[in-house]
Amino acid sequence: MKKEKILVIGAGGQLGTELIQGFWKVYGKDRIIATDIKEPQGILAQGNFELLDVMKPKQLQALLQKNKFTQLYHLAAVLSASGEKNPKSAWRLNMESLIHVLDEAVASKIEKVYWPSSIAVFGPSTPKDHTPQDTIMDPVTIYGISKQAGERWCEWYWRRYGLDVRSLRYPGLIGYKAQPGGGTTDYAVEIFLAALKEKKYECFLKRDAYLPMMYMEDAVKATIDLMETPAERIKVRSAYNISAMSFCPAEIAAAITKHIPEFQITYRPDFRQEIADTWPNSIDDSRARGDWGWKPEFDLQEMTTDILRNLSAF
Ligand code: SER
């Protein structure tokens, strides 16, 4: 395999923490530099790490001058629920940082850039079931609007400069190694720790709020597979739909109850339910399957068993 040198921006978040560990296995620890605005927590401190505020252009330029990176991952973002509380700063971080990173990637001749999109690009007029790749997109959150605009920017940099930028529209990502921050799908992560510790969980979505979801193992695999695909097979330069499973809070609670019979869930929907109401129930990912062979491995039962086994071992 070709020797990569990978810079990850926003590595301290839920996705970054897991992706970094995936990169270490595939490319080797010495090939990766993780960066974040905050000091590294837990496992990230075991690899190369630099503090980086992506809103300060000079800091990124200095890092790019010091190292010859082949790939750049830009993961720093404010998620859907947090973004609604502080819309202008969410917009600035999500949008300005992306344009800045794309400019620096062109200037430094980075071979491949990755930037995550989300199911939040869809909205109330989007078909809810098996949402197609190309469809109506009318996002209602600042996060979703920034992801939709970001997709257009990525495609524009590819057309204008030939920048090899790739993206996935992640569903809700569920893992046990790092907590998410400020998302609408976070309940499906919080519920596992609550089930083990307290045997109960109060859910901020309704019992039948179906959303597309994915286990982190699959998300890491999808991301690395996409980035390892030869450029000529990447036909979507905005962001690919990808899917793995779709469930509602009552169904994940039932899956947990099989392992922890005394577990109880209660429901107290808040403003995040209104966001969830505008997102798809399930996603059609046939383009990703056809173009680069995407196929998920985990369903709800397998994921639940794996998470509970791992969390119980700590
Ligand atoms: N999981 C994200 C959120 O809830 C969606 O991409 O905001």
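Just checking, which of Val113, Val101 is touching a strand residue (DSSP E or B) at 6+ places or on another chain (Cβ under 7 Å), touching a residue at least 40 places away in the same chain (Cβ under 8 Å), away from the ligand (no atom under 16 Å from the Cβ) and not in a strand (DSSP E or B)?
Only one candidate passes the filter, namely Val101.
Close Cβ contacts (under 6 Å, 6 or more residues apart or on different chains) running from residues in the range 181-201 that are more than 19 Å from Met213 (Cα to Cα) and more than 9 Å from the ligand (Cβ to nearest atom) to residues that are charged (D, E, K, R) and modelled with pLDDT of 95 or more comprise Lys199/Glu262. Contact map, the range 250-265: residues that are touching a residue at least 12 places away in the same chain (Cβ under 8 Å) paired with residues that are in a loop (DSSP other than H, G, I, E, B) and surrounded by 15 or more Cβ atoms within 10 Å (Cβ to Cβ), Cβ distance under 8 Å, separation 6+ or inter-chain. Pairs shown: Ala253/Phe263; Ile256/Phe263.
Which residue out of Gly162, Gly172 is more than 14 Å from the chain's Cα centre (by Cα), among the small types (Gly, Ala, Ser) and more than 22 Å from Arg92 (Cβ to Cβ)?
Gly162
Among residues that are assigned to a loop (DSSP other than H, G, I, E, B), touching a residue at least 24 places away in the same chain (Cβ under 8 Å) and away from the ligand (no atom under 16 Å from the Cβ), Pro139 is not included. Any residue that is touching a Cys at 6+ places or on another chain (Cβ under 6 Å) and not small (Gly, Ala, Ser) - is there at least one of those in the range 157-167? Taking every residue of the range 157-167 in turn, at least one turns out to be touching a Cys at 6+ places or on another chain (Cβ under 6 Å) and not small (Gly, Ala, Ser). It is to be established whether one or more residues within the range 91-107 are closer than 28 Å to Lys3 by Cβ and among the polar types (S, T, N, Q). Yes, the range 91-107 has at least one match.
The criterion of at least 3 residues that are open to solvent by less than 10 Å² (accessible area, probe 1.4 Å) is met, among strands (runs of 3 or more DSSP E) falling completely within the range 1-62, by 6-9, 32-36. The criterion of at least 1 residues that are more than 15 Å from Met213 (Cβ to Cβ) and open to solvent by less than 30 Å² (accessible area, probe 1.4 Å) is met, among helices (runs of 4 or more DSSP H) falling completely within the range 235-314, by 271-277, 286-292, 300-313. Check the range 257-278 and report whether any residue there is within 14 Å of the ligand (Cβ to nearest atom) and basic (Lys, Arg). Yes - at least one qualifying residue is present in the range 257-278.
The values are calculated or read from the model by the stated rules, or taken from the named source; none is laboratory data. The shown structure was predicted, so the numbers you read here are calculated from the model rather than taken from an experiment. Every residue, glycine among them, receives a Cβ derived from its backbone with ideal geometry; neighbour counts consider all protein chains shown. Ligands, DNA and RNA are stripped out before the accessible areas are found, and what is left, the full protein with its side chains, is counted by its heavy atoms. Shrake-Rupley method; radii C 1.70, N 1.55, O 1.52, S 1.80 Å.
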